[in-house]
Structure formats: structure tokens, C-alpha cells
Amino acid sequence: AEDEAAAEAPAARSRGGGAAEAAGGGGGKKGAAGKQTEGWAKDDEVTQCFLTGVKFTLVQRKHHCRYCGQIVCADVSKKTAKVPGRGVSEAVRVCDVCYEQLERGDPVCIAKQVAKLRSESETARQQA
């Protein structure tokens with residue numbers, strides 16, 4: 001249903017942005033269902049779940065959270081919610097962290113903030 005790996009051709013998997021772009025903006029390309037993927041993490045750069053650290057395999061599939069844009073495993077992305085400001089009226093796949101935030105009505109996406117901090121830390125480490 002919402003599984004990018006099943007919905008997209010392999011050549012289309014290199015769309016969105018990495019951790020740095022996930023924190024501040026991506027390519028603005030369209031995903032499997034024609035939805036905006038700006039700010040999404042790049043499929044080809046992510047090898048493990050953003051929340052659990054589980055490595056992705058042919059069996060352990062990648063899923064984008066439609067709120068924070070991070071790539072997570074199925075174990076932490078089973079819930080759906082309506083995401084404000086995305087131009088989609090139906091409930092879509094979100095990670096557990098974003099689901100809780102959306103249910104509380106919290107306007108600040110914690111996962112995006114964590115991605116930004118990770119990116120800044122990685123950039124500083126590479127420059128050192």
C-alpha cells in the first residue's frame with residue numbers, strides 16, 4: 001500500500017535528500033503516489049532505520065514517514081495519521097514518534113530536529 005519499494009521502480013529510488021536535506025529541505029520531487037517528497041531522506045543513502053538502527057535488507061523494508069521524511073522500518077511505522085500542510089486528505093504512514101506528536105497536536109517535528117542535529121554533528125566531524 002504505502003510501501004515505496006513496491007510502488008517505485010528501482011531507478012526512481014534516488015529522489016529526496018539525505019540527513020542534511022531531511023533537516024532543511026530536499027529536491028521537491030514527487031514520490032510514488034505523486035505526493036511531494038521535499039525534505040525526505042534519500043533511499044540510496046540510508047542503510048538502517050532512523051529510529052531503531054535496524055539494518056535494511058530485502059526482508060526488512062524501508063518506509064518513509066510522511067511527516068518527518070525519515071526512513072524507518074515497518075515495526076515503527078505501522079500507524080497512519082492525517083498530516084497537516086501536505087495537501088493530502090487521507091491518513092498516511094507515519095513513524096511512531098510523529099504519530100504521537102500529531103495526536104498531541106505538537107507543531108514541532110522532533111524527528112526533523114534530530115535529523116538536523118545529526119547532520120550538523122556529522123558535518124562538524126568531517127570538517128575536524
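The values are calculated or read from the model by the stated rules, or taken from the named source; none is laboratory data. These numbers were taken from a predicted model, which means no experiment stands behind them. Cβ coordinates were reconstructed from backbone atoms using ideal geometry, including for glycine residues, and neighbour counts include every protein chain displayed. Only protein heavy atoms, including side chains, enter the accessible area calculation; ligands, DNA and RNA are left aside. Shrake-Rupley method; radii C 1.70, N 1.55, O 1.52, S 1.80 Å.
Taken along the Cα-to-beta-carbon direction at a fixed 7 Å, the label points for Lys78 and Asp106 span 2.1 nm. The label point for Ala91 and the one for Asp44, both projected 7 Å from the Cα toward the Cβ, are 3.5 nm apart.
As a fraction of the 1.4 Å probe accessible area of the stretch 35-102, surface on carbon and sulfur atoms comes out at 52 percent.
Could you tally the net charge around Cys49, taking each other residue with its Cβ under 12 Å from the Cβ of Cys49, Lys/Arg +1 and Asp/Glu -1? That works out to +1. For the stretch 42-99, the per residue solvent-accessible surface stands at 51 Å², with DNA, RNA and ligands left out and a 1.4 Å probe.
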